Structure formats: C-alpha cells, structure tokens
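**Q** One structure is given below, represented as structure tokens, and several questions about it will come after.
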Amino acid sequence: MQDNNSQMRLKGKKRRKNENAILFGSIILCIITLFSVTLCMIMVFKYSAAQLENVEVMNELEVLQGNYTEEEVAALINSNTEEVFKQASDETRKEILDSMKDMMLSGDGALKMIRHFYPDEIVMVDASQYYFFPILDKLEQHTYVKDNFVVNEDELLEYYEGDNIISHKGIDVSKYQEKIDWKKVAQDDVEYAFIRLGIRGYTEGEIKKDDTFNNNIEGALKNNIDVGVYFFSQATSVEEAKEEAEFVLNEIEPYNVTYPVVLDVEAVNVDNARTEDVTKEERTEYCIAFCDMIKNAGYTPMIYGNLKTFMMLLDIEQLEDYDKWFAQYDTELYYPYDFKVWQYTDKGKVNGISTDVDMNISFESLAQ
C-alpha cells in the first residue's frame, strides 16, 4: 500500500495531467480553426508553402474549412488563442507544438490529432462535420488492452493474454463472396461465420433473401464451423422490424444456429432511401423490437454497426442489454464501449474464398 506522500504525489501528477489535457484541448481547437485558413500551418510549424502541398493534409483542411465561418474563426482566435498561450508555460507550449508537429510529420491527419487531444470524448467526422460525444461512464466499457492486439505474418489480427492467443478467427459472407469451398475454409482455421440471410430494399422496402444463404449455411455447418446470421435492416416502423425478425426466424429454423442472430444497422447513402427520415429514437425502437423477438425465440440477438451507427443512428444507452459487433477497418481500435466481435478488415484472404472477405476477431466463443 502506498504511503500518504506517495498518494499525494500521484494525485498531483494526475491533476497536472488533467490540466494539461484541458489546455491541450483548448489549444488544439484554436490550431484546427486556424487550419481552416491554412496560414496557421505556416505560423505554428514554420512549414514552407511546398510542404503544405501534402495531399492528405490538404484534404483534411478542405474538410475543416466547411465547418467554420470567417466570423467564427475570428471570434475563436480573438477570444481563446492569445489567452490560452499566455497561460501556458514555455515548456508546455513547446510540448504541445512538438507533439502536433510530430503527428503531422508522421502523416497523421487532423482527425487523429484531435482524438489524441480529446481522450475523454469520441470524435468522429460525418459529411464534413466534426462531432464530439462524451464517453459515458454508466455504459459498460471494454477492457481490451491495446498492446495485446497483434497483426501476425498473415495479416490476421490476434489478441494475446501473456504468450497465449485467446482470440477466435471468424468471417462474414454474402453473395459477394461467390461460391465458397467451405472445406478449405475450415482447414484455414476459421472457427465461425456470420452468413448474410437477407436485406430489406433501400427504396422499395421488399425483403429479399441472399441468393447464397442456404448453400453457405449448409456448407459451413457441414464442415463444423459455428454459424450466426445477419440481416440488413431498413425498417421504418416497429411492425416492419418485427416482420424482419419473423422472416429471419422462419429461415433459420431448420439449421443449428449457435452464434448470434444479428441486426445490421448502417446508414444508406442512396437517393430516395426509405429510412432517410427515420430518427435516432425511432431506429432504436425498431432495433429493440427486432432483438426482443430474436431473444424470445431462444437465440442471442446482436447489433452490428460502425462508429456512426452507435454514435449517431442509435441511442446506445437503450441498447446496453444487447451484444455488439463493431466494424472498424483500422487495427488501432477506437471505441470505448463493450463489444463481442470486431470486424477489422474487408480485405481478408481465406482459403476456399476467391474474393476478399470480411475478417472478424472475437475474444470468447459465442456459441450457445
């Protein structure tokens, strides 16, 4: 147990760390605002005009420029920048600017830099707009350790505890993987597969079964691969959500589905999308209706989505009781809340599948 002096030193360090984080955050917002007029890049980093030609940096600048008016830029600069830098020590200012410079030189974009300075918020970009979501302590958070994720020589993501790999290798497939040799898939150490069962049409709303569903689920089960299914929802009412659940339950009844039955919730960027005007509250209600029917039928419901799904399309506070399948195609995990499966790439290679395939990692067997 630490003595009182040690505890006081730790508290002092933590307080200084929090103060620096707040200061860093204030400064980074000011710097990002200045980015929108590009001249700030020269002022802060003393970069030459030639260095500002970097394509990735310029792309980020174009995104940022759409979020601030000239008046907002001037107001933020006048009210914050000078005062914030006055309050910072020379050492702190140098630390901040050196950190920012290192991130820019390493090719990190503005989004990654913002996330670095806002560790207590979830930061995302959608339609050229930045969004900040506070991390909610009342929601269960995952305990996965960043350094325990390792990409092996086959470009597969694995999770270690000590010297032991505890993660499970999985895939998800649909008609886009064409004809699959499931015997070869099993020989490639794939433990489980989520099979697309069907979708509801984006505009007309018709429920359609995936053309390869039956062949895929039968092939996987025949080769002792655990199976779950997913359905791409476009429900616009509770009744339609229940219709989707009933369709799924009828189709899987003949099969031994031991892995979760998943509702795929994603934004659709097409003209005349029938879900265009569905609100966050409504979509959450439909999601609950689907999951409850699946649960009552004896299966494990699960919700699939990406950062936008869980931050903007659904009210995750109402969905705490359901398992999550998180999609992020970057092996540096950026999501604080609990999830059971991580879809980490759509460019995977598996024996028996001629196309790219989605790869998934889970941290326990999900078979019931």
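The values are calculated or read from the model by the stated rules, or taken from the named source; none is laboratory data. The shown structure was predicted, so the numbers you read here are calculated from the model rather than taken from an experiment. No Cβ is skipped: glycine too gets one built from the backbone with ideal geometry, and neighbour counts run over all protein chains shown. Ligands, DNA and RNA are stripped out before the accessible areas are found, and what is left, the full protein with its side chains, is counted by its heavy atoms. Shrake-Rupley method; radii C 1.70, N 1.55, O 1.52, S 1.80 Å.
**Q** Wholly within segment 209-311, which strands (runs of 3 or more DSSP E) include no fewer than the required count, namely at least 1 residues that are surrounded by 15 or more Cβ atoms within 10 Å (Cβ to Cβ) and of a type in the set (D, E, K, R)?
**A** Qualifying strands (runs of 3 or more DSSP E): 226-232, 261-264.
**Q** For ALA327, are the conditions met, namely being of a type in the set (Gly, Ala, Ser) and at pLDDT below 95?
**A** Answer is no for this residue.
**Q** Against the condition closer than 19 Å to ASN360 by Cβ, outside any loop (DSSP other than H, G, I, E, B), in contact with a Gly (Cβ under 9 Å, 6 or more places away or on another chain) and open to solvent by 70 Å² or more (accessible area, probe 1.4 Å), how does LYS184 come out, does it pass?
**A** Yes, satisfied.
**Q** Name the single residue, out of those in segment 139-177 being of a type in the set (Asp, Glu) and surrounded by 16 or more Cβ atoms within 10 Å (Cβ to Cβ), that is farthest from ALA193 (Cα to Cα).
**A** GLU158
**Q** All but one of (1) modelled with pLDDT of 80 or more; (2) in contact with a Phe, Trp or Tyr (Cβ under 9 Å, 6 or more places away or on another chain) hold for ASP120, so report the exception by its number.
**A** Condition not satisfied by ASP120: (2).
**Q** So for segment 300-317 (the condition being basic (Lys, Arg) and modelled with pLDDT under 95), does at least one residue qualify?
**A** No; the residues of segment 300-317 include none that is basic (Lys, Arg) and modelled with pLDDT under 95.
**Q** Only one of (1) part of a loop (DSSP other than H, G, I, E, B); (2) without any contact (Cβ under 8 Å) to a residue 40 or more places away in the chain is not met by GLY205, so which one is it?
**A** The number of the failed condition is (2).
**Q** All but one of (1) surrounded by 15 or more Cβ atoms within 10 Å (Cβ to Cβ); (2) assigned to a loop (DSSP other than H, G, I, E, B) hold for PHE194; state the number of the condition that does not hold.
**A** (2)
**Q** Can you confirm whether ILE361 is of a type in the set (Val, Ile, Thr), closer than 25 Å to VAL151 by Cα and either assigned to a loop (DSSP other than H, G, I, E, B) or touching a strand residue (DSSP E or B) at 6+ places or on another chain (Cβ under 8 Å) (or both)?
**A** Spelling it out, ILE361 is indeed of a type in the set (Val, Ile, Thr), closer than 25 Å to VAL151 by Cα and either assigned to a loop (DSSP other than H, G, I, E, B) or touching a strand residue (DSSP E or B) at 6+ places or on another chain (Cβ under 8 Å) (or both).
**Q** While we're looking at this one, here's another question. For THR355, only one of the following conditions fails: (1) loosely packed, with under 15 Cβ neighbours inside 10 Å; (2) under 22 Å from GLY198 (Cβ atoms); (3) under 20 Å from the mean Cα position of the chain (by Cα). What is its number?
**A** (3)
**Q** Right, next: Every residue in segment 322-344 that is surrounded by fewer than 21 Cβ atoms within 10 Å (Cβ to Cβ) and not in a loop (DSSP other than H, G, I, E, B), please.
**A** Those that are surrounded by fewer than 21 Cβ atoms within 10 Å (Cβ to Cβ) and not in a loop (DSSP other than H, G, I, E, B): ASP323, TYR337.
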